[in-house]
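Have a look at the structure below before the remarks.
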Amino acid sequence: MIPNVPPPTQEPSEPQDVPMSLDEAWRVRWPFDTREPMGAMFDRGTLTRSKLQWAAEKAKWPEVRRAAQTLIEELERRTAAAPAPTQAAPPPAQPTAPAPTIPRPTPTTAPASAEPPRYGARVVVASEYLEEQETFHGWLLAYYAGLGVAVAMLTLNTIFWLIRGQSAWLTALSLMANIVAWVWFAVVVRRQIQKVRSYRAGRKGEEQVVELLRQALDSRWTIYRNLQLPDRRDDLDLVLVGPGGVWAVQVKATGAPLRVQGGRWEVKRGGQWVAAKPDPGAQVKGQAKRLNDFFKCSGINRYVEAAVALAESQPFDKFEGSPIPVWLPFAIEARARQLSTRYPPSAAELERISELLSRRAVEQRAVEEARQGRRG
């Protein structure tokens, strides 16, 4: 029986280079997902070599880093000690009468459904909205930086007037104008920096989640990125289409602590928990409903599942009250392999859905390219 050892805290209590015994490493709790003892997860095979390697190098808890390194060494010892497979010696030949020759049937291959094709999911990019917005606001930031240089020159000119003894009212007026300009400049530049960082974090977060899903899902799945439904300005971050149904996935990469309290998403700002705007849960449920309505307009009756994927690691227990699934970075691959829906779609239905969404993605890209051409 594994004792109930509390999860590691962020405060380092022991030097990082002190080795940890296997018994101690077995009891350290994994700080993500189910927060189980690492030894139990190691025995089940859910704590893989790649996860242990990541924890040993990048985990912020010293106990987790040391425990991961100890378990890696244990895994290497087990691998080295595993006996090599041996082939049984053939039985001694015995003289027998020649048997009549019987034609042997050609060996058949296993059915295709016995082992799903593991070539990775297909990714269809319907829009490059995040990249475009990141570039656009980056250029705006450079423009405002140029204005800042002009404001600095005006300030120097005002100081020069003050030194030369120009009229008091003209100098005071110029000084007030400079103060107003600097306040406006500081507010605008700060806002632009936040926008650039937000779009960059969103783009990188989506790319990270898509790559995890692409590696976890097989070639029967298709991932649609930034798909925009007709007559809508917002887009769906990810739409997964495959044997496990159709899933609308909202990706969040806020860089701030999140939690679900009473079914409502909250974000920690300035040491206080405030309502997240927009609420990721309500947002993705609305998107799933609109996608379902879009299917109905095309004669497809398919319920759309909803989930929220987080690009940054968060404590698992903060999302136990969520009415919809929340995928943490370490759980995304496992969740993806277990995707299912109450009424699995048939191959013909999947083909119709993929054809419909692919056509919509092509239309969306054509509209964006035409808009970019007009700007150029």
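Annotation for segment 199-209: at least one member residue is surrounded by 17 or more Cβ atoms within 10 Å (Cβ to Cβ) and either modelled with pLDDT of 90 or more or in a strand (DSSP E or B) (or both). The test for being assigned to a helix (DSSP H, G or I) and at pLDDT 75 or above holds for residue 191.
Residues checked against (1) of a type in the set (Val, Ile, Thr); (2) under 20 Å from residue 230 (Cβ atoms); (3) touching a residue at least 40 places away in the same chain (Cβ under 8 Å); (4) assigned by TED's automatic domain parsing to the domain that holds residue 225:
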site: 258; (1), (2), (3), (4): no, no, yes, yes
site: 264; (1), (2), (3), (4): no, no, no, yes
site: 279; (1), (2), (3), (4): no, no, no, yes
site: 292; (1), (2), (3), (4): no, yes, no, yes
site: 329; (1), (2), (3), (4): no, no, yes, yes
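Taken over segment 338-359, the criterion of being within 14 Å of residue 222 (Cα to Cα) and not in a loop (DSSP other than H, G, I, E, B) is satisfied by 347, 349, 350, 351, 352, 353, 354, 355, 356, 357, 358, 359. Would you confirm whether any residue within segment 261-276 is surrounded by 14 or more Cβ atoms within 10 Å (Cβ to Cβ), touching a helix residue (DSSP H, G or I) at 6+ places or on another chain (Cβ under 7 Å) and aliphatic (A, V, I, L, M)? Within segment 261-276 (the criterion being surrounded by 14 or more Cβ atoms within 10 Å (Cβ to Cβ), touching a helix residue (DSSP H, G or I) at 6+ places or on another chain (Cβ under 7 Å) and aliphatic (A, V, I, L, M)), the answer is no, since none of the residues qualifies. No other residue among 286, 271, 299 is of a type outside the set (A, V, I, L, M, F, W, C) and farther than 21 Å from residue 224 by Cβ apart from 271. Taken over segment 338-369, the criterion of being surrounded by 13 or more Cβ atoms within 10 Å (Cβ to Cβ) and under 30 Å from residue 59 (Cα atoms) is satisfied by 339 alone.
The values are calculated or read from the model by the stated rules, or taken from the named source; none is laboratory data. None of these values were measured; they are calculated from a predicted model. Methodologically, a virtual Cβ is constructed for each residue, glycine included, from the backbone with ideal geometry; neighbour enumeration extends over all protein chains shown.
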